[in-house]
Structures are given as structure tokens and as C-alpha cells.
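> My questions will all concern the structure given below.
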2 protein chains.
Amino acid sequence: MPYTAPIADILFTLNHVAGLEAARRDGLFGDLGDDLVAAIAEEAGKFANGVIAPLNRVGDTHGTPFKDGVVTMPPGWKEAYRDWAAAGWNGLAAPTEWGGQGLPYALNAALIEIWSGASMAFGLGPLLTMSATELIAEHASPQLQATYLPKLVSGEWMGTMHLTEPQAGSDVGALRTKAVRADDGTYRLTGEKIFITFGEHDLTDNIIHVVLARLPDAPPGTKGLSVFIVPKVLVKPDGSLGERNDVRAQSIEHKLGIHASPTCTMVFGDKGGAVGYLVGEENNGIACMFTMMNRARLAIGLEGVAIGETATQHALAYARERRQGHAVGQPGHDAAPIVEHPDVKRMLLCMRALTNAARAICYSTAMAIDKARVARDAAARQAANARAALLTPVAKAFSTEVGSEVASLGIQVHGGMGFIEETGVAQFYRDARVAQIYEGTNGIQAIDLVTRKLPMAGGEALAAFLAELRRTVAAVCGSNDPAFGAAGVRLDEAAGSLERASAWLAAKLRDQPTMALAGATPYLRLFALASGGCMLAEEALAARRLGNGASAGAAGRVALARFFAETLAVEAPALERAIVDGAESVAAADAVLAA
Amino acid sequence: MPYTAPIADILFTLNHVAGLEAARRDGLFGDLGDDLVAAIAEEAGKFANGVIAPLNRVGDTHGTPFKDGVVTMPPGWKEAYRDWAAAGWNGLAAPTEWGGQGLPYALNAALIEIWSGASMAFGLGPLLTMSATELIAEHASPQLQATYLPKLVSGEWMGTMHLTEPQAGSDVGALRTKAVRADDGTYRLTGEKIFITFGEHDLTDNIIHVVLARLPDAPPGTKGLSVFIVPKVLVKPDGSLGERNDVRAQSIEHKLGIHASPTCTMVFGDKGGAVGYLVGEENNGIACMFTMMNRARLAIGLEGVAIGETATQHALAYARERRQGHAVGQPGHDAAPIVEHPDVKRMLLCMRALTNAARAICYSTAMAIDKARVARDAAARQAANARAALLTPVAKAFSTEVGSEVASLGIQVHGGMGFIEETGVAQFYRDARVAQIYEGTNGIQAIDLVTRKLPMAGGEALAAFLAELRRTVAAVCGSNDPAFGAAGVRLDEAAGSLERASAWLAAKLRDQPTMALAGATPYLRLFALASGGCMLAEEALAARRLGNGASAGAAGRVALARFFAETLAVEAPALERAIVDGAESVAAADAVLAA
């Protein structure tokens, strides 16, 4: 069965949990109407279902053959990309002055989920183009912007991000690619980059590499990094394409998943140096990177949501078709669809609950990114910016964990068929795995959450968020709706665990930072379970307010929120213990890991 | 880096947690000495490290090409298998009357871990041969035994198990392969089997298929199944090979992992019917299967332990080599080996703790299987049999989950390199996944635990096991060793959760079985965390008693037990809640899964 973009669910979460509807009503997005948002999502869904999804397995099986520096994309991919870009999808949230449509980033986030749900490898190229576009739009000179942005926004050219080198992975400050000043104000780059996604391909005539490099006289570490635009093909003053630049793909990786996304080793300066154009100021590269990092990380989180969604759809469809065994307590003696067996039902509910919770967290993060730009007053913009910063690592790490967990459950629902590649669900499991690694490993996200985001503004951003969770808990308890079961109590406990663990970590950060670091990963999970549980409850409360219409489905949303609270959020006290007690047990265990 | 069989750890768990040493001292295994056990394990380790492990990636990349009904094993595999069988490894635990060595099954379990740790696909073929051998040795006629057992025990022939059909997976009773009585007392089989591991290959001259089929006048369901020996090549009265039987491989599957294990669709009776020889009595097939099911399921659990072990070894080696970032609180400014970063340390400890706990559970199960046969009196044999029955689903399901979890953590420790196939750790992740599915999915194991094992003998088997856990908890608390941290308290809580959840499930089983079934999977995990935690604590207590010598490593074992209790077993109360509260939330969530 194919992927079907879950438009109704997407719009519901976008409008009623992330708050797009309220923001529109407040006039934060001009005259953007509900009907236009829905129409855009519907159209994106049609394109994803009809054009992209059928290419997903083709991409997986064909991969991207590499020969003599040339990467050939799988059959049908070039045409699909061309049509996708021609429909304007690439520039949905891009600035209008460069040909974009300036629509909310939250809407674009929903669309990133949709493209990735249809094919994670397909969605990944544009996702990097968007990152490169954002960076250039925020930091490059007007001349560079005029040269590159129109074609990056239209998708006529694609963009890449070049950070990693063999010795510089999580520690980006260790990179050594060299940039030397040339007489004409440009730079010459030499060095090697690895793991460069879509570093080379034949989808577009030109590829705009955004490259982190180091000037000869730069200070060590991250403070000595500069950002350069290094086009694959040099652009003449009239905008037409000139000669090939001195940068080439040396090889591509043979990977566990996302086979249709070429991961390249890139070599700069074989012939003396690749021409690079400085973005922003020298040695200010890491700051430029940071401005786009929230969006890029969130986008990877959305890949996790996307895989979760498609894996859930496939598993549910299979479980409704496949008959095996008699269901206890059901009449008759025929074999039942396996969806009726409680253990299978539990797996499917778990898949749906995790996916929807991750979606709610991601869309809320996206909305905060929007509000940081468009909210009415500076205080609101600042609060939104802090909210985005706080939620981004959670959105990235939790959602990508969810992607893998849900893909694994999807295999399990399929039984033996799940292990057979032709079924297609094993691909989700393989594809999903990388999202926990790239754009900052999930461990790095957890450390970012604990060491940078938790103490942000004296803990104010966190406190404001916790207060919101408390309001949700109170609303669930106050609803007196028996359909919520023990959800209110469980979410209350989860919020309590999160508060206590936060306070403990904040204290440890000051005097015993290694103890705080040992708890970073369980803390991020705790944060996500408490937040995700409350957001699903918010969704359920909204559905109850709106009535049990087709688009709201209050009964289902209340049941899902309850399931999450009673079977998943219950892990919160355990995580609190793992953080608080576990820190010492990690410190005490050197003998276990000694050679 | 290659796999290195962890002989010291294996022997320690075997002797001091599973209880092989005490059983030997009790004379249950004749004059089997400690030195012989150790020597056998050492030799097995050498063979696994030196011969099998180097073939693991070869097997993954070459796979097993299929052409005109012939499967060609990967380069080097035939020679390795020949040498392995020639060294007598196949018959280690097989009856001496058929050429086996009659050694403890627990020792063979350790060796199954070792073969699978070197290469899961390599270990899998012999594992099925052993299952077929056991079944024939217990149920077949003396004549069939004399014909088949000597060559199955020596490994000159390999065996297979044929259960699954397209419509009969978890529901084996739905199978339709037909067996018709022939005039000469043999049978003719027609039908199709799928997912037949090592159904066809070129490692041996003959393959002995053990096939579940149904007689024309058999009752429906599992009560109408019979077991047949169907050799690939018919055996002449003098024992030499005759004509090909009417059974063939029609195709092989393209799978997520274990690429060197050919998974075949087998067709019986193209030319009128494959010759089959009845094992045991007609319509008694499922009982024959049950006698070997504990061992086969345990063997799959051992695959999980094996993958956990090799993934942990690879990750730890990488984490000691790879330098990235400065470790907080460490002197100097150089990049530290990532093993020094607390978040990486936590991942590695988690890998080690889960792997060792799964090993302890599996070996304890194996020892119970031995004691069910060799214990001095009938009561002890019966108790051991009940213990084996109780622990088997936990050993199978928990250990295979651990295999996948640990393999995933291993990828994460490797960062981007983990996603590259050449690194080798992605293969562990792919290979491990199937073990949660075959030989009874983990959901089926959980249902078996709750519906059959929990109420066994009026709950006596469970009660006896819980009492042992309580004794361990008391010993940890009584040790007054501060190095245990809060382990005693946490294990006490875990045991309490297990007791309460068990009682709740037992009650529900009687009046609301669907409620019990909904909690089966979390219950199995709870059972495993409480048991695994206590067994690691037993291991630590034993190491303390034995002193901190090289083989005991008391400090490390105490630290590991503490880590498990304080960061993993703490999940127990959450699982109790998921079982008790979650049951209703699963039942209430039909609206979520409605089409």
C-alpha cells in the first residue's frame, strides 16, 4: 500500500496544538486564511502521494550510482524533482523578495513531513537547499543574494551544507578545510569534507555548496570558522553558468538506508583551490550556522514524524487485512484480522501515539520559530525565540527516536513479512536510523538541552513551558471526562518528574557538570514524554471543544491521549530516577569499561 | 575490529549465575570438570574468532545466490562449515549413542552464543540442525534414528524445520501441507512452505527436512498435525544417497539481514509427492514440536545475546579510539576518546548491562533444561522443567529485543560511521531484527508467558522464581556494600511490581482475558528487568565472594549490577502501570484504529 499524507490530522495539530489558527486570527500572517492553508496541504498531499511515494522503493533499490565523479539519480527522480520545484514547493516559506511565497514556516514544516513521509531520501535534498537558502538570505551580501537566491528559492539549483570532516564530526571546531584570501576579494578553498548529503547529483545544473572553512590566521576552535558559498559551477556576472569550480565528489557512501540520497566525500582544491565567496564576516561562521540550526534540526525531527506516520499507515493496513488466529472474546471461529488481537492493537496504538506526540512537538517548535519573527511585540518574539530554542533539541531527538521505534514496531506487526525487503517496511527501519545521527547526534541534542537550553534566561524559558504543561494537566483533570481515565494523574506525575529532574540538573550543572551530562539523554526523553503527553491531551481537549465532527474525532483523540498518558508517559518517574540515581552509577562504572 | 568470544564472562555467568559449577559439584554431569568446560569454551572461542567471524561480512555482502533451484553459499562458508563440523562442535550436546558428546546443554548454549556472535547467519544453520536432531532423537523410530541421527549429529547432513505457510504463521494450526499414506508405510507430501531457513544450500550433500503436515482425515487445527522427515536426497537402505526427493526450493527471500542464511520457499510434490517418514504418531505433531520448542526458542534468545555482545565490543573499541571534543572535568585541552564523555559512557554501560542480563537469563534457562533431565529426583526434575518453561519466553523475547536495542546503541556510538555499511555495525542492526520475529514472535512469547506459564501448576513455578528474586534482593541489601548504591531498593521495587502485576494478570486471565493479553508485552519486559537485575546482582555477589581476581572482577560486576538496577530496572513500576492501567486504555481505543 502507498503512503497517504494524513492531511486532516496534520491540519488539526497545526491549528489546534501548534496554534496556527489562533496566530492567523491574531493577524500574524496577514490575510492568510484557513481555506488557503488547507488547500496548500491538500495539494502537497496529492503530489506526495501520487508522484513522490511511488519513487521511494525505486530509489532504495537503484541507489545513486557513482562513476567518474558523476552521480546518477534513480529513474524518475529527476522528473519528479523538476515538477516538484516547478509547482513552487521549494519556496513556500522563502522570502517573497527572492521569489518565495513567504508562508508560515509551520506550514512548511507540515509539508516537510509530507515530502519525507512519501520518501525520506527525496525530502532530504530540498531540506538542505532550504537550509542553505535561509543562511544566505540572512547573512550573505546583497550581491551574493541576488546571484544565488532566486534560483535556490525556485529550486532550479539545489544547495548543500558542508560541515563534517574525518576528524571533525560532533566537534565541528576541529575542522581543517582551508580558505585563503584571493586578490579579487574571493577565497580559495582546499580540503576534504565527508558525509555531504546531496553533495553531487544530476537533479539540477548547479549545486550551491555552503562550506565551513578556516582562514590561515583564524583562531582555533569554533571561533575561527567562516562560511563560504562554493558553487559547483561558477556563475558568470550575467547569471549564466561558466566553468566548473575546483570541487568534486570523490566517492559516495554505501549506507544502511536513504539509498537515494547520495552521501559524498567532497574534495576542494585539486587544481589550486575552489573559488569561494565569504558569507557574513570572517571567523563568524558558527554564528551564521546557528541561525539556521533550529530549522535544520527541526526538519530532521520531521523526518522522524514522517517515517512514524508512513510506518503506522502500513502496519495498520496490514493488520486489518492479515487474518491469523481467533481473537479471544470475539464471536465465531474464523481467523480474525490481527488488528483485533490485543497485543497487536497495543503495538499499533503505541505507533500512533508516539507519532502524533512527535508531530505535536515538532509543529509547536515550528510555530515558535514563526512567532519569533512575526509576533507583535519584542517580548513575545523573544519568548517565542526562547521556546523554539528550548523545544528544538527535543523535537529533533525525540522525533527521530520515535521514527526508529515506530518503524521497528511496524516490522513486528508484519511478522515475517516485515523482514522481507519487498514488503517495504524494512526500508523505513533502515532509512529512519540516520536521523538519530545527523544534524547533531541525539546525544548532542540532549547535551544542548541540558547545558544550554535548561539554564537559558535563568531558567525562565523552561519555567514558562512547565507552567503551560501544568495548565494542560489542570484542564484534563478539570474536564471530569471519564474517557480520559487516569490521564490527568499520570500527566501530573510526569510534569512533576520533569520539574524535579530539571531542578536537580540545574543544580548539578553548576558544581558537578559530568553528573548532569550523564542524565542528558534520559532527561530529553522525560521532557518529550511529559510534553508529548500534554500536547496530545491539548489536542483531545480541543477536539472535545470543537465537537465530535469528522475532522475533530474527539473520541479517538481522547482515547489516544489516555493511552499515551497511561502506558508511555508513565515512564517519567523511572527516567527521573535514572537521571538522579543514574548519574552516580555512570560515574562509578569506570571498571566496567576499562580495557 | 573482529569479534572476540568473551570466554571469561561466559564462564563466569555459566558457573556462578546459571549454576553449572554447583551442578557439576553435585555430580549431575558425571566427572565433567571445570577445566574441561573452560577448555571447550576456549577452543570454541578460537574457532569462532579465527574462522567464522572473518566470514560474517563476506556472507552479508555476497548473500546466497539462487539459480535453478540451487543455492550457492558465500565464499569460504563451505570450508568453514566442514571444519566446524569436523571438530565435533555440532554434536556437543547430542546423545553419545549417535556420536554426540552428551555434554550439558547449558555449555552448548554458551557455544551457540559464540557461533552466533561471530556470525549470526553462520550459527543459524547448525542451530536448526540441532533442533531437528533433538526432535528425531526424542520421537522417531529406532530405524529412522539409525538412518538419520549419526550424520545429523556429525554435521555431515544438516536439518531444517518446516512450519510456516503463507496462511499459517503465528497460527501454525492453519497449515495445509498435505501428507497422504503410501502403501509402503511412508507418506507423500504436497504443499508449499515459506520462510524455511537453510531450506536449500550447498554446505552438505543432504538436507533433512522436518516437516509439519496434515493427513487427509486429520482433525482441524493443531490437533491434526503430524511430523515427517523429508530428506532432500532419499537415503538407500545401505545409508548411501539415492535419488532426489520430490521437494525443491522455489525461491529465496531478499531480506533486511542475515543475508548468508538462505530463507527459502519450498515446494513439495511437483512430481506427485515427496517421500516422507512419519515421526512419532499421526496427529501428534504439535506435541513433538513442543518438546524441542524450549531449546529452539532459547537458541534464538542466544542470538540476541550474541549480537548484543559483538555490538558492545565494536562500540567500546571504537569509543576508546575515536577522539572528539574535550571531556568536561578532564585535564588538558586535547580531544578525548569519546568513551570519556558521560553520554557515550551511559550508552556503553547500557549495552553491556542489557547484554549481560540477557546472557544470565538465557544461561539460567539452559541450565534448567539440563536439570529437567539430570536432576537427582523427580520433584527436582519437574521443578526444573517448570523453570525452563517459565523462563523460555522471557529468554527468547527479552534477549532478542536486547539484541536490537544494543545494536542500535552501537550504531549511535559510532555516529555517522555507524550508518556506513563498511563499518560493519549496521549489519548487526539488520541481522538482529529477525530474532524478534522468528521461532514465535515476541508477542507470541509474551502471550505464552502470561496465558500458559504464569498459571502453570497453580502459579507455583512463578512463586518459586519470585522467592528466589526476593532472596537476591535481601542479599544485596544485606551486603551493606555502598558500591551497590540504591540497587537493593530498586530491585526490591522491581520485584514488588512483578509480584503485583503477576497477581493482577492471573486474576484478569480468569474473567477478562483480553485485559491480560493487552499487558502481555509490558509484563514480559517487567519480568525480564526484575530477573535480569537480580541475576546481575547475583553475579556481583558471587564475584565479591570469590574475591576481586582477574576472572571475577568484583568491582566491575557490582558497578554493572548497580547501573542496571538504578537506570534500567527502575522502569519496572512504569511497566506495572502500563499493564494495569494500560489494559483499559487499549480496550478503550478502538476509535483510534477504526478505518
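> Counting only residues 5 or more places away or on other chains, whose amide H sits under 5 Å from the amide H of A:Gln250 once H atoms are built in the peptide plane?
Residues meeting the amide H criterion: A:Thr265, A:Met266, A:Val267.
> To continue, here is another question. Hydropathy at least 0.0 by Kyte-Doolittle, axial extent at least 30 angstrom from the Cα trace: which helices of chain A, defined as entire DSSP H runs, fit?
Qualifying helices: A:285-321, A:342-374, A:378-414, A:520-546.
> Okay, moving on. Have a look at A:Tyr81, B:Ala457, A:Ala218 and report the one farthest towards the positive end of the charge dipole of the protein assembly as shown, computed about the Cα centre with Cβ charges (Lys/Arg +1, Asp/Glu -1).
Projecting each Cα onto the dipole axis, the largest value belongs to B:Ala457.
> Using a simple charge model, +1 on the beta-carbon of Lys and Arg, -1 on the beta-carbon of Asp and Glu, nothing else, what dipole does the protein assembly as shown show about its Cα centre, in debye to the nearest 20?
840 debye
> Whose Cβ in chain B comes nearest the axis that rotates B onto A, and by how many Å?
Output: B:Ala574, 2.
> When only DSSP loop residues count, what trypsin sites (Lys or Arg not before Pro) in the stretch A:171-254 have their Cβ near at most 13 other Cβ atoms within 10 Å?
Loop-located and lightly packed - A:Arg176.
> Considering every residue in A:440-449, what mean count of other chain Cβ atoms within 10 Å of its Cβ is obtained?
Partner Cβ neighbours, averaged per residue: 3.
> Kindly write out, for the stretch A:238-249 in residue order, the coupling ³J(HN,Hα) from the Karplus curve 6.51 cos²θ - 1.76 cosθ + 1.60 (θ = phi - 60°), rounded to whole Hz, with x marking Gly and Pro.
Calculated HN-Hα couplings, in order: 7, x, 7, 7, x, 7, 5, 6, 8, 9, 8, 7 Hz.
> Expressed as a whole number of Å, what is the distance separating the alpha-carbon centroids of the stretch B:59-126 and the stretch B:213-245?
24 Å
> Order these by the 10 Å Cβ neighbour count, fewest first: B:Asp184, B:Asp171.
Ranking B:Asp184, B:Asp171 by Cβ neighbours within 10 Å, fewest first, gives B:Asp184, B:Asp171.
> Given the pairs A:Lys151/A:Lys255; A:Lys151/A:Lys232; B:Lys78/B:Lys271, which are separated by over 24 angstrom at their Cα positions?
A:Lys151/A:Lys255; B:Lys78/B:Lys271
> In nm, to one decimal, how far is the B:Asp202 label point from the B:Glu42 one, both placed 7 Å along Cα→Cβ?
3.8 nm
> Label-to-label distances across copies for B:Leu241, with labels 7 Å out along Cα→Cβ, in nm, shortest first?
5.9
> Moving on. Please report, in debye to the nearest 20, how large the charge dipole of chain B is about its Cα centre when each Lys and Arg carries +1 at its beta carbon and each Asp and Glu carries -1 there.
Approximately 440 debye in magnitude.
> Points 7 angstrom from Cα along the Cβ direction at B:His333 and B:Leu546: gap in nanometres?
4.7 nm
> Take the alpha-carbon centre of the stretch B:497-574, take the same for the stretch B:365-444, and report the distance between them in whole Å.
A separation of 15 Å, based on Cα centres.
> May I pose another question? Taking R0 as 22 Å, what FRET efficiency do you get between A:Ser251 and A:Glu421 from their Cβ-Cβ distance, rounded to the nearest 0.05?
The formula returns an efficiency of 0.35 here.
> Among B:Thr164, B:Ala132, A:Ala384, whose Cα sits farthest toward the positive end of the charge dipole of the protein assembly as shown (+1 at Cβ of Lys/Arg, -1 at Cβ of Asp/Glu, about the Cα centre)?
A:Ala384
> Provide the gained length on full extension for the span B:Glu243 to B:Ala379, in nm with one decimal, where the gain is 0.36 nm per separating residue minus the Cα-Cα distance.
Here the answer is 44.1 nm.
> FRET efficiency for A:Arg510 and A:Asp217, Cβ-Cβ distance as r, R0 = 45 Å, nearest 0.05?
Computed FRET efficiency for A:Arg510 and A:Asp217: 0.80.
> Among B:Cys264, A:Cys362, which comes first, then next, by fewest other beta-carbon atoms within 10 Å?
The fewest-first ordering by Cβ neighbours comes to B:Cys264, A:Cys362.
> Let me ask another. May I have the convex hull volume per residue, in Å³, for the Cα set of the stretch B:7-154?
It is 119 Å³ per residue.
> Here is a follow-up. Cut-off is 10 Å between beta-carbons; in what order do B:Arg346, A:Arg525 appear when sorted fewest neighbours first?
By the 10 Å Cβ count, ascending: A:Arg525, B:Arg346.
> By how many nm would the segment from B:Glu156 to B:Glu321 lengthen if fully extended, with 0.36 nm per residue of separation less the alpha-carbon distance?
So the extension gain works out to 55.1 nm.
> Pop a pseudo-label 7 angstrom from the Cα along the beta-carbon direction at both A:Asp270 and B:Arg500 and give the gap in nm to one decimal.
6.7 nm
> A further question follows. Please name which of A:Leu32, A:Leu11, A:Phe47 has its Cα lying farthest along the dipole of the stretch A:1-84 towards the positive end, using unit charges on Cβ (Lys, Arg +1; Asp, Glu -1) and the Cα centre as origin.
Of the listed residues, the answer is A:Phe47.
Coordinate-derived values only; no laboratory data. Computed from a predicted structure; not experimentally measured. Neighbour counts are summed over all protein chains in view; Cβ atoms, including those assigned to glycine, are modelled from backbone coordinates with ideal geometry.
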